[in-house]
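Visitor: Here you go, one structure.
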Amino acid sequence: MTTVPMPEKSQILDAEPVRTAQRVRSAEYVRMSTEHQQYSTENQSDVIRRYAEEHGMEIVHSYADDGKSGLNIAGRDALLQLIKDVEDGIANFDAILVYDVSRWGRFQDADESAYYEYLCKRANIAVHYCAEPFVNDGSLSSTLLKTIKRTMAGEYSRELSVKVFAGQCRLIELGFRQGGLAGYGLRRLLIDQHRNPKAFLSHGERKSLQTDRVILVPGPKEEMAVVQEIYRRFVEDRQSEREIAEVFNARGLSNEFNRPWTPKTIHQVLTNPKYIGANVFNRKSFKLKRKRVANPPDRWIYREEAFEAIVSADVFRKAQEVIAGRHRNYSNDEMLELLRRLLAEKGVLSGILIDEAADMPSSAAYKSRFKSLLRAYQHIGYTPQRDHAYLEINRRLREYHHTQIEAIIGELKNAGASVQADPSTGLLTINEEFTASLVLARCREIRAGSFRWLLRLDTSLAPDITIAARLQPGNESILDYYLLPGIDALAERVRLAPENGLLLDVYRFEDLSFFFKLAHRQTIEEAA
């Protein structure tokens, strides 16, 4: 029998240790909208982590979209960040783990879902669907199953949309309110399944019981009187929305948001059938996150006498006739003839004069029909006295204003803030706590060779903070910022010099980092 010599102790200590297979660095992506509990982010994460353990993976990063629809990628900040990290080459992982195909998205076009996965594969990062019965290995069978699953995920949303819409229509026909603000002069009343009143709902409050419903009821008497006055001035006195708003603001009246009245808010009161007690639904559609469209009246869901009326149906009908007559389809010749009459009356023309004139199209209508106001003027042989080079500058500044607003929104979201932007005014509502607006001040050189800036503050918006950005000479970039609080009463026009003294320059900042800190949200643990 041959004896095998045992190794020396020192040899055992110096031997190379046995290495285990390196675990694959992975990231998890979880998403939950408002669906069943099986899709909670915690349940998804449990399945994903078991999958990672069984397949030799280590989760080094997590991306989570809570309360986000999977119909498209808009608003899904976590998925957008994941794709950006992958495309920028800064992803510190080699695989992405998702609960199933529907959590990646219920895209209405299956190719969109495939496109985002392809971006990851192109960066050599594989996507694993942990709860699916197939392995996402690129084989023919897995590709077919994945395509079917993607189509089924989109179809599920389409079928659910049809069912939800049918249910909403039924509730409208029964006289119940479906979402949205009550509006000036009205209040939302919560009732139980037997139509017994329970409580008034404040702004942002919702019903908690599935059997409860919401109806509209008249608000305070003073608000009802204002609504009736709006209709009387519009129908009987033939005052425009702008004139009515000016009258109310001069009296110190505020709308339902405690802000000054505008022609738009007056127009909304004049055109909404809820003021005659009608329950209307589907005036506009935004189904499946597609483009918002205005539906023709024959597609509206309409229930008459659903609520107590504030104005009579006859007065409302007359108001609609006035609006319809004002929005008739004019021919080019008719529009130009009205422009000639205004010129003969006023001696000059401007967008403001056109908008203030009764019984003629708006300046926006002329711009749309003739491509610009200047071209409309040329058709009637009118040449403005002013140098219109400023029009091109203003056009460029409007584009720059939009770009800066988008950049500010992006920085606010990066700071963890929630932001809603009014598309018509650009007013930002941040964390549902305060508002802000952006004003660009052009740099002008005076004869002495120095520079001046004129701030035009839109006091009708009543923002809590006005971000006044002074432009560099040449008006191509921003010099600095003034963060002007709404609590300080400033004139509508503020003239700035290079140096403005302590009373104004105390609000001056080189950048907006201080403003973004105001919007930053912290957890209680962080604050502590």
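Visitor: If you build the Cα gyration tensor of the stretch 390-524 and take the root of 5 times each eigenvalue, what three semi-axes come out, in whole angstrom, biggest first?
Guide: After scaling each eigenvalue by five and taking roots: 26, 17, 14 Å.
Visitor: May I pose another question? If the cut-off is a Cα-Cα distance under 16 Å, which lysines reach Lys517, setting aside same-chain residues fewer than 8 apart in sequence?
Guide: Qualifying lysines at Cα under 16 Å: Lys413.
Visitor: About the Cα centre, and with charges only on the beta carbon of Lys, Arg (+1) and Asp, Glu (-1), how big is the dipole of the stretch 186-325? Nearest 20 debye, please.
Guide: Dipole of the stretch 186-325, to the nearest 20 debye: 920 debye.
Visitor: Work out the P(r) tail for the chain: percent of alpha carbon pairs separated by more than 29 Å, whole number.
Guide: For the chain, the fraction of Cα-Cα distances above 29 Å is 69 percent.
Visitor: Then there is this: Would you kindly derive the ³J(HN,Hα) couplings of the stretch 401-410 from the backbone phi angles with the Karplus curve 6.51 cos²θ - 1.76 cosθ + 1.60 (θ = phi - 60°), listing them in order in whole Hz, with x for Gly and Pro?
Guide: Each residue of the stretch 401-410 in turn: 4, 4, 4, 5, 4, 4, 5, 5, 4, x Hz.
Visitor: Another question, then. The stretch 186-325: D in µm²/s via Stokes-Einstein (Kirkwood Rh, Cα pairs, 4 °C, 1.567 mPa s)?
Guide: 77
Visitor: Working from the alpha-carbon coordinates of the stretch 328-386, get Rg over Rh, Rh being the Kirkwood radius.
Guide: With Rg and the Kirkwood Rh in hand, the quotient comes to 0.90.
Visitor: Just tell me which aspartates and glutamates come within less than 20 Å, Cα to Cα, of Lys163; anything on the same chain fewer than 8 places away is out.
Guide: In chain and number order, the partners are Glu35, Glu155, Glu173, Asp212.
Visitor: What whole number of Å gives the distance from the Cα centroid of the stretch 110-156 to the Cα centroid of the stretch 450-481?
Guide: If we compute the Cα centre of each part, the gap is 49 Å.
Visitor: A further question follows. List the lysines whose Cα sits under 22 Å from the Cα of Lys121, skipping any in the same chain fewer than 8 residues away.
Guide: Candidates past the 8-residue exclusion: Lys84, Lys146, Lys149.
Visitor: Find the Cα radius of gyration of the stretch 24-158, compare it with 2.2 N^0.38 Å by division, and give the number to two decimals.
Guide: 0.96
Visitor: Here is a follow-up. Could you give the length gained on full extension between Gln193 and Ser141, defined as 0.36 nm per residue of separation minus the Cα-Cα distance, in nm?
Guide: That works out to 13.6 nm of additional length.
None of the figures in this text is laboratory data; all of them are computed from the coordinates on show. Since the model is a prediction, treat every value here as computed from it, not as a measurement. Cβ atoms come from the backbone with ideal geometry, glycine included; neighbour counts cover every protein chain shown.
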